[in-house]
Each structure stands twice: as C-alpha cells, then as structure tokens.
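Visitor: Sending over a structure as structure tokens; questions will come in a sec.
Values quoted throughout were computed directly from the atomic coordinates according to the rules given, and no laboratory measurement underlies them. For clarity, every value in this text was computed on a predicted model and none was experimentally measured. Counting neighbours? That spans all protein chains shown, and the Cβs are built from the backbone with ideal geometry, glycine included.
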Protein chains: 2
Amino acid sequence: MEALNSHHIMVLFLSLGILLGTARILGELAQRFHQPSVLGELIAGVLLGPTVLGSLAPGVSEFIFPLQGPNAIALETIATLAIGLFLLVAGMEVDLSTVWRQGRTGFKVGFSSIVIPFSITLVAALVVPEALGRHADADPLIFALFLAIAMSISALPIIAKTLIDMDLYRSDLGMVVVSAAIFNDIVGWIIFAVVLGLLSDTAGNGASIMMTIAMTLAFIAAMLTIGRRLIHKMLPFVQAYTRWPAGELSFALILGLLGAALTEWIGIHAILGAFIAGVAIGDSSHLRERSRVIIGDFISFIFAPVFFASIGLKVNFLTHFDLPLVAAILIITFICKLAGGAMGAWWGKMSPREAWAVGFAMVSVGAMGIIVGMIALDAGIIRERLFVALVVMAIVTSMLSGPIMRLILRPEKKLRLQDLLSPKLFLPRLTATSRHEVIHEMTTAACDAGGLDAQAVEKAVWSREKALSTGIGKGVALPHARIEGLKDAIVVMGVSDSGIDFDAPDDKLAHVIFLILTPEDDPNAQLTIAAELGRLFRRPLMLDNILKTKSYTDFMALLRASAPMEYEKG
Amino acid sequence: MEALNSHHIMVLFLSLGILLGTARILGELAQRFHQPSVLGELIAGVLLGPTVLGSLAPGVSEFIFPLQGPNAIALETIATLAIGLFLLVAGMEVDLSTVWRQGRTGFKVGFSSIVIPFSITLVAALVVPEALGRHADADPLIFALFLAIAMSISALPIIAKTLIDMDLYRSDLGMVVVSAAIFNDIVGWIIFAVVLGLLSDTAGNGASIMMTIAMTLAFIAAMLTIGRRLIHKMLPFVQAYTRWPAGELSFALILGLLGAALTEWIGIHAILGAFIAGVAIGDSSHLRERSRVIIGDFISFIFAPVFFASIGLKVNFLTHFDLPLVAAILIITFICKLAGGAMGAWWGKMSPREAWAVGFAMVSVGAMGIIVGMIALDAGIIRERLFVALVVMAIVTSMLSGPIMRLILRPEKKLRLQDLLSPKLFLPRLTATSRHEVIHEMTTAACDAGGLDAQAVEKAVWSREKALSTGIGKGVALPHARIEGLKDAIVVMGVSDSGIDFDAPDDKLAHVIFLILTPEDDPNAQLTIAAELGRLFRRPLMLDNILKTKSYTDFMALLRASAPMEYEKG
C-alpha cells in the first residue's frame, strides 16, 4: 500500500497549507468588503492555479500542485471529501419545519423560481446552443437540461447568510425565502440526478435512467420519512451509550459518508446523498448544539475553503474567459431568477416591495451553481469556457443579491460595538482621577476625532452625569449624551488602573469607562450600545481580562472571541 | 485533473464510512471494558484488512479497500493527513509550563525511562538481531537504533488519559509522569529523526545526516522559542481581525500543515513538524478553549480512528504473528521501561510505592510506538513480522499500565452518577402522591434490586426525612440514608408527573426524586452524589427536559450529553 513517498507527503502538506492559507486570507478580505467569503476562496484558487501562478511560474505551480501523479489524486481526494462534507453541513442547516410552516408561499416562490429560469434556459439552450457555449460533442438534450439546472438553482448558504446579516432571517419574508431556497435546492438536485442518469444511460433504452430516477426518489423519500424518524430515535441511544461527543459526531459523519456512497452508486452524485443525510440528521431535535458547532465549524472553515480554492486550480480563468458567453449566461440567469422569485412572491400575495426583495434574494446562485458546473465539467457535459462563465455568473449574482435587497428593504443599520470602536478612541491609560476629569479627558478625545465642539459635548455629558450617576457597577461606567447634529454614534473606551468613583450601586470604583455619544434624532442608539456593553460585562472574568489588555488589538480579540456560540456562514 | 471516476468516488466514501463506523463501534466497546479506545480502532482495521475480511472474502476486501490504484492512494492520503493532524492535537495538549514546574524529577524519570530501555535494546539488537526480528537486508546499526527508539518511547495521550481517569492528572505524581512522558516524546522523536537521516544518507559520508540533525534541532529550537512567542503575539491579531472562530481554527491548522511539510522536507517525518507546531500553538494562553475543543474533538474522534484502523489494513496480523518474537519484544520493553521509570522516580526521591507507580505508568508505549513502527515499515527498516510484534507490544503495554497503577495506588473509586443508575432503578411513573408513599415506593424498588431489608431501609430514610425535609427546590428532592452493611451506593430515580410536596424552600412540588442509599462507613458518598445532582439541576431547562424523557435511554442521553466541554482522550 506504499503509494506516497516522502516527496509526495511533503507536497501534500505543503499544498494543503498554502491552499488553506491563501483561501482563508482572501476569504477574510472579501468579507471586509461585505462580499461572501467564497469569492475570496475562489480567487485564491485562481491565483494559485494555471491562471496566474501557472502562467508566471509554471515550475513552482507544477511543484506544489502537480496535475498528474499521486499528489493530483491526493488533492482531488481531499476536495471530493470536502465537498461531500460541506453538503452534509448544508443539509444539517435545513430546517424542515420552516419549509412546512411557510410552506404555501415558500412553495410558490420555490416553484416559480425554478420553473421560469429552467424552462426559459432550456428553450434557449435548445434553440441557440452555440451562443450558450455548447461544444460540438455534447448531447443537445443533456446539455440543455444541465444548463437549465445550473441557472435555476439557488445558494441556500449564501441566501441564509445575507438574511442573517440583515436581521431578516427569522422574519416572515426571511422564512419564505429560506423555504423557497430549500425547495429549489432539493428539486434542483433531483432534476440534476435525472440528467446524470441520462448521461450514464449508454444503451439509450431509458431503462437505466428510469432505474436511477426511481432509486433516487426512493432514497430521498425513505431518508426524509423512515430514515429521519430512525435517526431521531437512535440519537438518544448514541448519546446514552457512547462517549460524548465522540459518538454523536461520528454517527453524523458516518451517515453522511454512507449516504454519499449510496447516491454515487445509484448513479447520481455523492453530494446529494450527503445533503439528504444532513437534512435527516439536522432535523432531529436530539442533535446537540455542540455537535452542530464542531461539525459545522470544522467543515465550513477548513474543508470548504480548501474545496472552493481547489476549483480555481482546475481551469485557466483568463484563457477561457469569453465575454459574450459570460454576459449571456449572467443576463439570462439574473433576469429569469429575478422574475421567477418575484412572480412567485406576488402569486403568494406579498407586497410589491417584498416581492422584489424576494426576487433579488433568489437571484444568488452561489456555491451550488459552481458545484453543479464542476460536476458537469468532470462529466464532460461542458467545457472550460462555459465552466468559467458559470463560475463568474455564480459569483456575480451572489455579490449583487445582498446589496440590492438592502437598497429595496433599507433595513435599520445594526449598531455593532466593534464597528464603533477604533484605535484612536481607545484610551488604555486614563490620567484622570475624578469623574469630572475623566469626562473631560474622554470628551476631548472624542471631539478631536469627530470634529465636535468639545465644550458643548462635555457640558451635555456632565449634566447627564450630575442628574443620575452612570456607574453601572462591577467596575464599569457608561457616561453618555445625545448630541445634536451628530451623524453616527461615537464610543470612546478608557481604562483607569487606579479606578474612578462613579457612585456605582455596588460602591466599586469604575476601571473601564465607555463614553457613548449618540445622534440626537436616534433615541435607540444609546440603549442598543449600553445593552451590548452590559451583555459583554455579564461574562465572568470580562473585567479582569480587559484590565489585562495592553493594546487595542488585545481588546478587539477579547470582544470578538467572546461572541456566543453561533453559526456564521459564507 | 480528472483522476477519480464515479466508481472511485463511491469507494472513497464507502471505505471511509465503513472504516470510521467499525473503528468507532469497536473503540466504544474497548472503553466499555476499561481499555483504551485505540485498541478497538486497531482491531477494526485487523477485521477489515487482510487478516480477517481479506482471508474470508478477498473479493469484498479488494472492492472496498483496493491495494492498488487511485483508491489506495486516496486512503493513504487521508491516513497521512489524519496522523499529521493527530500529532498536531497531541502537541497542543502538551503543557510546557508543567514540564518546567516538575522539571527536575520529570527530567530524571524521562531521562532514565529513555536511556535504560534504549541502551539495553540497542545492545540486544546489535548482539542478537535475529531474535529481535531483523531481516537480512536491514542495516545493523539503523535497525538497532530504530528498535531501541520504538521500545523506549512513551504514549503521552494514553498516559494522560489513565491519570485523568484515576483523578491523578493534577497531582504531583501525575505531573511528574506527564512531564517525563513529554520529555521522552521529544527526545525520542529527535533520535528517530537521526535514524531517518542515517537512512537517507545514501552517500554514507555523514554530511547529509549532520545537516538533517542540525536542521531538526534548529527547527525545534526556533519553534519553541521565537516561533512560540511569535504565535502568542499573532493570536490576538487573528482573533481581532478575522472571523471568529474561522481565523483561529485555520491559523492553527495552517501552522500544523506547514510545520509537517517543513520537517518532511528536512528529511525527518512530517509528524514531528506537526507535533512541534502543536506544542508552540497550544502553549499560548491566547488560544481559546472553543478552538481547542473544535480541533481536538474533530481530529481525535474522526481523523484518529480512521488512521488507527487504517494500520490494520496494511498487514496480515495472523500470518505475520511470530510468538517468540512477540514475547521477546514485549518482555524486554516491559522490564526495561518499568525499570527505567521506577529508577528515575527513585533517583528523584519519590517513595518506593510512588516509584513503582511511575514505572508502570511509563510502561505504556501506545500509539506512539505504533506510529514509529509504521514509518519504519514504510521505510523498509523492518518487515511485517516485527511490525506486528511492535503493534502487539504497544497494545499490551498500554492495556497493562493502567490496571497495575490502580493496584499499586488504590485510588479512591470515583463515584459517578451514571455508573450508579440502572434501568431497574429508574421509575418514570411514580404512583405515590405523598412523601411517605413515595419513599415507600422507591425504597421497595431499591431493596428488591439490592436484596436489602425493605422495612429497615424505609425506616431509616423516613426518619432522616422527618428530621429535615430533603426537598432542595426547583422541583427536586433527594431523600437519603446511610445503610449499615451496604457495599455500594444505590440511587433510585423517580419521576412524578403530578408532583409531591417535599416541603421545599421554594414551595414547589418535587417532580424528580432521587433516593440515595449509601454505605454506613462511607461518609462522603452521599455528599458526592448530592453535589453531582445539584450541579446537574443547576443547568437551565434540565428539569423540563427530564420531565419530557420517556425512557431510561432518553435520561442517560440527557445526563451524558450535558457534560461540560472538556477533553477526553483515548
């Protein structure tokens, strides 16, 4: 079984380290610009693959990411495993009860957002196949069917992330969009299974297609009924009689792996099996939050970036970039998905503004479109030129979806403490010794940075302070004032080693002081910020840890890494 | 890059699912019999590999675990990655400050437990190499050096687990053993690096060996000084400016992967680099518990079982089993390591009883010995016959170490709630409606199961109850008594839907009642059990969840899966 020699092992670790590192750094950068992290991860692959590194330094590229031999197989093994596990996690996030609750409207949006793009693209791909990138060897019907799916599928993870960011995830509109996306996902994969069945039906008699379709539907139906109930019944046994959390973690992963193997054997792709297994597991209320977090975090943050970056290694995105084709694919998808989503919402009796928002939400094709495209490329249904166009389309639709929804719905901007703080407004060594002095010191800092009238601000803060002391106890004080003409809230953070008497209810000296200046016309801002600070300081040892911080970076690390255990997905 | 076709992908997912599933089930079984889970994981591989499945059904074995082609490479890729990541986690668990604190005695034990087995084995392997399994082609010196390492290395994870189980991990004795094992680990790997350097020095002029040794020492020194400090300084930046916990997780993994690539490039094995990177990362107090848990759990519970099971796939353990060789290896290792550890402890002025306990603790060779053996097998230093002997020796020493330590130290048996409960003593539907009735109902159940005098027990519990009510509030009551002649504590759990008035301080009716009977001569048992129950019911929603449980299994699931986030390692 000795297949990897020392050189191969070295390249294996090196290539994974570089791939993960580059993907994560560019993924972070993408988020900095309010873009999905998958964008940065894909670009990492483009930089490391034939497009950039392969052109500039072919020797280096061939050394780290060889296209032949054991290391090529090794990397593809890990990418294959990564995409299977990523779909398992995507499935685990599906909330079937949501689909039932918003069922009627969600169904209408899901149905219409798949039928309209699908039928229009199908007709177009049959009538003008060359304009849509069909290569000469491709079967016309299979090609048209495939393209119709790639352009009508939706990206549940990206849609969910956008809604969470806008605080709309649990709203009626959010639930409609999410259930529509789930419906869209499941139907899309089933149709895709049919296409792959058609492809493998070399005899052309239809028998094996019918068999594949029947087995696929049977698998999905069995997993979502008996399988789901069986898993729900088995989970308490796993928890009761195996080591925690080892048993539950491996139970979920084993089901995902075997589900993947089964659908791949049926003749459709492994990822459908992993996805459906994920839905069946994730639906059980017995599954513990800790297992969700461990599986979700490790796979989303380690495996998924490696997978998305590996896509860029496959193709030269420059030489295969065909502007007319990219434009055609992008425009058709955008208009069809927008129309499909919006018409479904309108059919479901939503208001015109909401219907447009739903339409733009469904526009995002994201990771799912890329995955479908990759399978089609591997199966020979499409060539590099169309693959590149599909990837670009998937990325651009995902980038546009969120910002346009924001424009339409204009959600209230969420005030987040970490956005309000800055190194300039962080005073780790206050020199003041009294309440009046410290307010003077901190308002001066705030007004220097914000260009405000220091005297007026100090007066406002001090008169508020005199009226009722703002020492909230536990060593924290929150002096504040609403300032006329101020556009955005300002928070100054100061730390006093000796402590300042803020007349707190527990008689403790204040060591951490936040000066909060909020706009006159925004009555909620002050309360929101104070509430978030309160939440922060309810954590045990928070004050001790803050007093130990020596720099703004240390403080930000403390703030961000104290976030509650919750999911974030790109 | 199309290297895996549909069949390969199916086999990939299938083989991983079967390997992980079998390894986890047998690992759980091993723990049921108080054995390290690695034992069960290895046996899983033996069952699935050439030894059993390959003999009984060669076709099936060849289908799932082919020895040639892309799937063989795929499985080896995953095993290689798994062992690298497992060593990263093992390194992250090393607590350098422990090594410094118990430095003097730990050094003496570590030094003596490596020098004595090493020198004795080295001499034996040079004098009677055939008796110790040297094959004709092996270089005498390299063979002797390698065998000396394989028989003097210690298994930090297994030793740590044994000490935790015996509640000795944080004791002086525990710290001495742990620091000795760390010392032993690091020195062992360095010597092993030298041996591998010798092996690759085909020119035989010693220059490349010196280079490898120099670079290895430079790498270790740099990582544990500058590297460690740099990581400690960088972590707050990662936490402050990247998505949490994605940034920190990938930071740790990227360092591990690149460390592995670097040492593999230097000419020693990748796992040393991953291990040292792990030590450097794990030592930073900035690393958050959540990241440790996610990385530790996912790798220890998913990757590690796959790796250890894959070892069994390599070799036929039956045809290569050579009893005299196994006995020779086992006896020499056992005596030498015992003597080395005990003499080191005696040198460090520990009491004779403690010195023997330390000696038996250091006997455990465990996973580390297997890993060294596997590398040697791959490198051609040893053949299957000796590899099998080393694996058996590693397992047997690990199985003996814990029980013998227990015999010597006789630690107080830790009372654990989950060991005291049983389905017979779980009464989910109490019929009683008063305090007196419920005590009657529950003592009857206890005495039926335990063969006690029901009347006397009921009288004892009731007189205790009359003296001071045992309703502790929040819907829980803990009636109890110390019973003369009782050998082990008995806990009966009853649930009353209607609730029973136990005169609780918060005036709430008791819905969950635990009857606690403890031996007369063990004054602590009752307090320990009551404290654990108190801890359990301080968790939010615990009572609501218990009232929802319908079976003993549901209740056990709730109990075990409510454990705090802490490490357990096999």
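Visitor: Just from its helices, what would the mean residue ellipticity at 222 nm be for the protein assembly as shown, if runs of 4 or more DSSP H residues each count -39500 (n - 2.57) and the sum is divided by every residue, rounded to the nearest 500 deg cm²/dmol?
Guide: -21500 deg cm²/dmol
Visitor: Count the DSSP beta bridges whose two residues both fall in chain A, then state the antiparallel fraction as a percent rounded to the nearest 5.
Guide: The antiparallel proportion sits near 55 percent.
Visitor: Using the Cα gyration tensor of segment A:8-409, with a ≥ b ≥ c the square roots of its eigenvalues, what is the shape: rounded (a/c below 1.5), prolate (a/b larger than b/c) or oblate (neither)?
Guide: rounded
Visitor: Now a separate question. Tell me the distances, shortest first, between A:D506 and the same position across the other copies, using label points 7 Å along Cα→Cβ, in nm to one decimal.
Guide: Listed shortest first, these distances are 2.2 nm.
Visitor: Here's a follow-up. Full extension from B:V60 to B:D488: what is 0.36 nm times the residue separation minus their Cα-Cα distance, to one decimal in nm?
Guide: Result: 149.2 nm gained on full extension.
Visitor: Under the classification rounded if a/c is under 1.5, otherwise prolate if a/b is larger than b/c and oblate if not, where does segment A:13-69 fall, given a ≥ b ≥ c as square roots of the Cα gyration tensor eigenvalues?
Guide: The shape class here is prolate.
Visitor: B:T319's amide H: which non-local residues (gap 5+, or another chain) put their own amide H closer than 5 Å, with H modeled 1.01 Å from N in plane and none for Pro or chain starts?
Guide: Residues meeting the amide H criterion: none.
Visitor: Once you average over the residues of B:288-300, how many Cβ atoms of partner chains fall within 10 Å of each Cβ?
Guide: The shielding value for this peptide is 4.
Visitor: Ok, one more. Quick check: the distance between the Cα centres of segment A:476-545 and segment B:207-225, to the nearest angstrom?
Guide: Taking the Cα centre of each part, segment A:476-545 and segment B:207-225 sit 52 Å apart.
Visitor: Once label points are set 7 Å from the Cα along Cα→Cβ at both B:R229 and A:R464, what is their separation, rounded to one decimal in nm?
Guide: Once both label points are built, they end up 4.4 nm from each other.
Visitor: Can you list residues from other chains, or at least 5 along the same chain, whose modelled amide H is less than 5 Å from the amide H of A:L427?
Guide: A:M493, A:G494, A:V495
Visitor: Mind listing the long-range amide H neighbours of B:I472? Cut-off is under 5 Å, sequence gap 5 or more, other chains count too, H placed in the peptide plane at 1.01 Å from N.
Guide: B:A477, B:L478
Visitor: Please compute the volume of the convex hull spanned by the alpha-carbon atoms of segment B:417-560 and report it per residue in Å³.
Guide: Dividing the Cα hull volume of segment B:417-560 by its residue count gives 99 Å³.
Visitor: For a quick check: sort A:E93, A:E248, B:E520 by the number of other beta carbons within 10 angstrom, fewest at the front.
Guide: Arranged by neighbour count, lowest to highest, A:E93, A:E248, B:E520 become B:E520, A:E93, A:E248.
Visitor: Taking neighbour counts of Cβ atoms within 10 Å as a proxy for exposure, in what order, fewest first, do A:L56, B:L47 appear?
Guide: Starting with the residue having the fewest Cβ neighbours, the order is A:L56, B:L47.
Visitor: Oh, and also: If you average the alpha carbon positions of segment B:30-92 and of segment A:395-464, how far apart do those two centres end up, in angstrom?
Guide: 56 Å
Visitor: Put the label 7 Å from Cα along Cα→Cβ for B:E532; what are its distances to the other copies, in nanometres, shortest first?
Guide: Copy-to-copy label distances at B:E532, shortest first: 4.3 nm.
Visitor: Assuming a ≥ b ≥ c are the square roots of the Cα gyration tensor eigenvalues, decide whether the protein assembly as shown counts as rounded (a/c under 1.5), prolate (otherwise, with a/b larger than b/c) or oblate.
Guide: rounded
Visitor: So, one more: List the relative contact order of chain B as a percent without decimals, with contacts defined as Cα pairs under 8 Å and 6+ residues apart.
Guide: Relative contact order here is 17 percent.
Visitor: For segment A:258-267, just list the computed ³J(HN,Hα) in residue order, Karplus coefficients 6.51, -1.76 and 1.60, θ = phi - 60°, integers in Hz, with x standing in for Gly and Pro.
Guide: Whole-Hz 3J(HN,Hα) from phi for segment A:258-267: 6, x, 4, 4, 5, 5, 5, 5, 4, x.
Visitor: Any idea what the B:E289 label distances to the other copies are, label 7 Å down the Cα→Cβ vector, nm, shortest first?
Guide: Those separations, rounded to one decimal, come out as 1.4 nm.
Visitor: For the cross-link pairs A:K508/B:K508; B:K474/B:K550; B:K466/B:K508; A:K474/B:K474, which exceed 27 Å when the distance is taken from alpha carbon to alpha carbon?
Guide: Table pairs above 27 Å Cα-Cα are A:K508/B:K508; A:K474/B:K474.
Visitor: Then there's this: Indicate, rounded to the nearest 5 percent, the antiparallel portion of the DSSP beta bridges found entirely in the protein assembly as shown.
Guide: If we restrict to bridges inside the protein assembly as shown, about 55 percent are antiparallel.
Visitor: Now, a different point. How far apart, in nanometres, would the label points at B:D497 and B:L527 be if each is projected 7 angstrom from Cα along the Cα-to-Cβ direction?
Guide: 4.0 nm
Visitor: May I ask you to list the aspartates and glutamates whose Cα is less than 15 Å away from that of B:K424, ignoring any residue fewer than eight positions away on the same chain?
Guide: Of all the aspartates and glutamates, those that pass the test against B:K424 - Cα under 15 Å, at least 8 places apart if same chain - are B:E441, B:D448, B:D554.
Visitor: Something else now. Which ³J(HN,Hα) values, rounded to whole Hz and listed in residue order, are derived for segment B:517-532 from phi using the Karplus coefficients 6.51, -1.76 and 1.60 in 6.51 cos²θ - 1.76 cosθ + 1.60 with θ = phi - 60°, glycine and proline given as x?
Guide: In residue order, the calculated couplings are 10, 10, x, 3, 8, 10, x, 8, 4, 4, 5, 4, 5, 4, 5, 5 Hz.
Visitor: Can I ask one more? Report ³J(HN,Hα) in whole Hz for each residue of segment B:477-488, in order, from the Karplus equation J = 6.51 cos²θ - 1.76 cosθ + 1.60 where θ = phi - 60°; Gly and Pro get x.
Guide: So the Karplus estimates, Gly and Pro as x, are 10, 10, x, 7, 6, 9, 10, 5, x, 6, 8, 10 Hz.
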